[in-house]
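Undergrad: Mind having a look at this structure? Questions to follow.
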Amino acid sequence: MQTAELEPLRQWLSQTTGLQADLLGRQRLERAVAHRLKQLACASPEAYRQRLQGDPAEQQQLLEELVVGESWFLREPRSFVQLQELAGRQRQRPLRLLGCGCSGGEEPYSLVIALLEIGLTLPQLQVEVIDISAVALQRAAEALYGSHALRGMDPARLARFFLPEERRWR
């Protein structure tokens with residue numbers, strides 16, 4: 001696929017979602033579009049772009065192919081230490097947090113874990129999450145994780161915050 005063929009799709013992506021194709025990885029958009037062209041038996045990137053314009057379901061399908069769906073709990077530990085230090089100050093009202101790009105919920109649940117560990121309680125927290133991926137939001141709502149998402153987690157922390165459910169953790 002030629003770079004020029006993808007340019008209108010890059011522009012659509014940027015204008016519609018704010019996502020920059022180049023920041024997603026050099027070939028990510030090309031692979032996603034090629035896959036959607038094949039799935040839909042679409043003749044060209046331009047025909048696909050035209051289809052995207054009037055098809056919100058297809059727009060979401062493309063976005064699902066573009067987003068990175070991998071994360072894990074308490075990734076970047078220093079950021080959680082900093083959060084604990086900032087949140088440790090006395091508060092008169094709930095601490096409000098917004099998790100942007102929540103992936104499968106690992107990030108916002110990590111925020112809650114870190115804050116519970118310093119003595120805050122659930123009524124003292126208000127956490128909201130957003131993500132461009134409907135699939136990610138559904139996974140976050142389900143809150144069921146395999147060992148890969150929990151890699152590196154201390155067994156005591158795992159036992160405190162998660163319940164085993166078959167071969168996964170809730």
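The values are calculated or read from the model by the stated rules, or taken from the named source; none is laboratory data. Values in this document were obtained by computation on a predicted structure and should not be read as measured data. Cβ placement follows ideal geometry from the backbone for every residue including glycine, while neighbour counts extend to all protein chains displayed. The area values use the complete protein model at the heavy-atom level, side chains included, leaving out ligands, DNA and RNA. Shrake-Rupley method; radii C 1.70, N 1.55, O 1.52, S 1.80 Å.
Undergrad: Looking at segment 26-104, which trypsin sites (Lys or Arg not before Pro) are DSSP coil and have at most 11 other C-beta atoms within 10 Å of their C-beta?
TA: Arg26, Arg89, Arg91
Undergrad: A follow-up question, please. Ordering His35, His148 by accessible area with a probe of 1.4 Å, largest first, what comes out?
TA: Values: His35 75, His148 110 Å².
Largest accessible area first, the residues go His148, His35.
Undergrad: Just to confirm the filter: which GluC sites (Glu not before Pro) across segment 45-80 are DSSP coil and have at most 15 other Cβ within 10 angstrom of their Cβ?
TA: Hits after loop and neighbour filter: Glu70.
Undergrad: Sticking with the crude label model, points 7 Å out along Cα→Cβ, report the distance from Ile118 to Ile130 in nm, one decimal please.
TA: 2.5
Undergrad: Find the all-direction average of the projected area of the Cα convex hull for the chain, expressing the result in square nanometres with one decimal place.
TA: 12.2
Undergrad: Right, here's the next one. For Asp55, tell me the accessible area in Å² from a 1.4 Å probe, rounded to the nearest 10.
TA: 40
Undergrad: Further question on the same structure: Hey, got the dipole for segment 8-152? About the Cα centre, +1 on K and R Cβ, -1 on D and E Cβ, debye to the nearest 20?
TA: 200
Undergrad: Label Arg170 and Glu76 with points 7 Å out from Cα along Cα→Cβ: what is the distance between them in nm?
TA: 3.0
Undergrad: Using a 1.4 Å probe on the protein heavy atoms, what percent of the accessible area of segment 1-99 belongs to carbon and sulfur?
TA: 46
Undergrad: Put +1 on the Cβ of each Lys and Arg and -1 on the Cβ of each Asp and Glu in segment 14-170; which of Cys102, Gln92, Ala149 then has its Cα farthest toward the positive end of the dipole?
TA: Towards the positive end, the residue furthest out is Gln92.
Undergrad: While we're on this one: With the cut-off at 1.5 for a/c, could you classify segment 93-163 from its C-alpha gyration tensor as rounded, prolate or oblate?
TA: The shape class here is oblate.
Undergrad: Taking the Cα centre of segment 1-110 as the origin and placing charges on Cβ (Lys, Arg +1; Asp, Glu -1), which of Phe73, Gly25, Pro8 is farthest toward the positive end of the dipole?
TA: Phe73
Undergrad: Calculate, for Arg10 and Ser147, the FRET efficiency according to 1/(1 + (r/R0)^6) with r their C-beta to C-beta distance and R0 41 Å; round to the nearest 0.05. Before the final figure, lay out the partial values.
TA: Values: r = 37 Å, r/R0 = 0.90.
Working from the Cβ atoms, E equals 0.65.
Undergrad: How large is the accessible surface of Leu125 in square angstrom, using a 1.4 angstrom probe and rounding to the nearest 10?
TA: Accessible area, nearest 10 Å²: 20 Å².
Undergrad: Something else about it: Note down the relative contact order for the chain as a percent, whole number, built from C-alpha pairs under 8 angstrom at least six residues apart.
TA: Here the relative contact order equals 18 percent.
Undergrad: So if each residue of separation counts as 0.36 nm, and I subtract the Cα-Cα distance between Thr17 and Glu85, what length gain in nm does that give?
TA: Length gained between Thr17 and Glu85: 21.1 nm.
Undergrad: With both partners inside the chain, how many of the DSSP beta bridges are antiparallel, as a percent to the nearest 5? Kindly include the intermediate steps, with their values, before the conclusion.
TA: Working: 3 of 9 bridges.
That works out to approximately 35 percent antiparallel.
Undergrad: Report the charge-dipole magnitude of segment 29-110 in Debye, nearest 20, computed about the Cα centre from +1 at each Lys and Arg Cβ and -1 at each Asp and Glu Cβ.
TA: 380
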